[in-house]
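Everything on this sheet refers to the single structure shown next.
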Ligand code: UN1
């Protein structure tokens, strides 16, 4: 464990990142005239400054401006719209480290993980550029002579994005790069815990938009708490709400959007599991498990939370996991070699402690970790040792998603039992099996009820080229790769008659 940085070190890192991304650092001084939000770093717990927030009126005005921008943008040919994604991606490439600095300060990610997040943005921009020439519709044979039947895809209008603190900018970019190429405008309500990273990402997008001649106000940011998110969710001009966060948030947002017949794309909780079979390559499985479970301090939607390990190798494998956990260096992500940074805030720490207590009450044994570290030095920051907890079975606490580094271990005796345990949770985001047996791997892939199912890699760290999302309480949405672009567009079926006659479908006679 190394010493934590001074407030000044964090402020310097932040201001250098902000300035390089084109954000005026006076943004940290708030505005006497408006509502405000305070920014904080989980590394030290220090207040970073005060940021002027939107009111319901200014939020509504921004949505109106985005609607106006959409009216122009929709008529720009899609491959030309692709140039905006391309330029944004280039600027993100040039400012990868700058934006990563802000992410580190605000979300507490290590520089490598913060840079990885920006890389996801660059990747999806490139993907979106290619997609801009592939907004394909099908052509179907018509049942009538001299007719053509086809499908065309059209932009939705204004897309609203709600994002979480843990991937403060990447998840936004998955939505935004595709929505912009689709011809939509995008209004973004970032997490209250990561407003500065949002301003950094948005500043680069605004620069790209100006350079390629895109209309102004195409992608405004709404600053504020839940009340401001609520304004966006309720606004009928927002055709699609794409929301990433807790199941609780999804339960609130979903029905409100559904009531007004808006479209909704939800990416909510995960309670991801890995099955480790007797034939697994143990060293490979170990690395896969430890990164997925303890990386990002357990604060990814895709974090590995349940280890379902075969009873014949359980003791040996779990001992190795515990030994590996003891080597993880915990501390400020600004320090070289640190792999586990802070939890986002005290509520997250309290949630972790409550879950550990419940796990013990349900017969669990904490094999390592769980305790707080560096509290004397920084009482307002919350660092924890990632925990491994052996459970007698999949009890209630294991079925909950606790957004902190707790890995529950459960054993199994045959694959059917493992699959049953695997699927017996309310969430369905990511899953993995470590095995050398083809039949086991195929059976797992066909039975996992998650949106992501992996073989011989962990549950986290998905590439953008695949569709990202999951089933059950995870919400059912799909973002980023594959054909996720369709969520940001609406299909129209077109029938074109060049026959000079008017035959009716189904042979109906009239007039
Ligand atoms: C999230 O935690 O919301 O697959 C997204 C991963 C990352 C994205 C996680 N590419 O772990």
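The values are calculated or read from the model by the stated rules, or taken from the named source; none is laboratory data. What you are looking at is a predicted structure, and each value in this text was computed from that prediction instead of being measured. Quick reminder, even Gly has a Cβ in these numbers, built from the backbone with ideal geometry, and neighbours come from all protein chains shown.
Data table
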read-out: Any strands (runs of 3 or more DSSP E) falling wholly within region 241-354 and containing at least 2 residues that are over 28 Å from residue 162 (Cα atoms); value: 272-276, 304-310
read-out: Residue list for region 439-480, restricted to those being under 14 Å from residue 422 (Cβ atoms), in contact (Cβ under 8 Å) with a residue 40 or more places away in the chain and in a loop (DSSP other than H, G, I, E, B); value: 450, 459, 470
read-out: Unique match (being touching a residue at least 60 places away in the same chain (Cβ under 8 Å) and within 16 Å of the ligand (Cβ to nearest atom)) among 214, 201; value: 201
read-out: Residue in region 444-452 that is at pLDDT 95 or above, over 24 Å from residue 245 (Cα atoms), crowded, with 18+ Cβ neighbours inside 10 Å and in the same structural domain as residue 332 (by TED's automatic domain parsing) present; value: yes
read-out: Residue list for region 391-407, restricted to those being within 26 Å of residue 108 (Cα to Cα), touching a strand residue (DSSP E or B) at 6+ places or on another chain (Cβ under 7 Å) and assigned to a loop (DSSP other than H, G, I, E, B); value: 401, 404, 405
read-out: Top-ranked residue of region 447-482 - restricted to ones that are out of contact with any strand residue (DSSP E or B) (no Cβ under 6 Å at 6 or more places or on another chain) and within 19 Å of residue 309 (Cα to Cα), ranked as farthest from the ligand (Cβ to nearest atom); value: 447
read-out: Unmet criterion (only one of (1) in contact (Cβ under 8 Å) with a residue 60 or more places away in the chain; (2) exposed (fewer than 15 other Cβ atoms within 10 Å of the Cβ); (3) under 23 Å from residue 109 (Cα atoms)) for residue 388; value: (2)
read-out: Cβ-Cβ under 7 Å pairs, at least 6 apart or on other chains, region 168-181 side closer than 19 Å to residue 67 by Cβ, far side within 10 Å of the ligand (Cβ to nearest atom); value: 175/479
read-out: Hey, residue 370 more than 16 Å from the ligand (Cβ to nearest atom), free of Cβ contacts under 8 Å to residues at least 40 places away in the same chain, over 21 Å from the mean Cα position of the chain (by Cα) and crowded, with 20+ Cβ neighbours inside 10 Å or not; value: yes
read-out: Failed item, numbered, when residue 485 is tested on (1) touching a strand residue (DSSP E or B) at 6+ places or on another chain (Cβ under 6 Å); (2) buried (at least 18 other Cβ atoms within 10 Å of the Cβ); (3) not assigned by TED's automatic domain parsing to the domain that holds residue 284; value: (1)
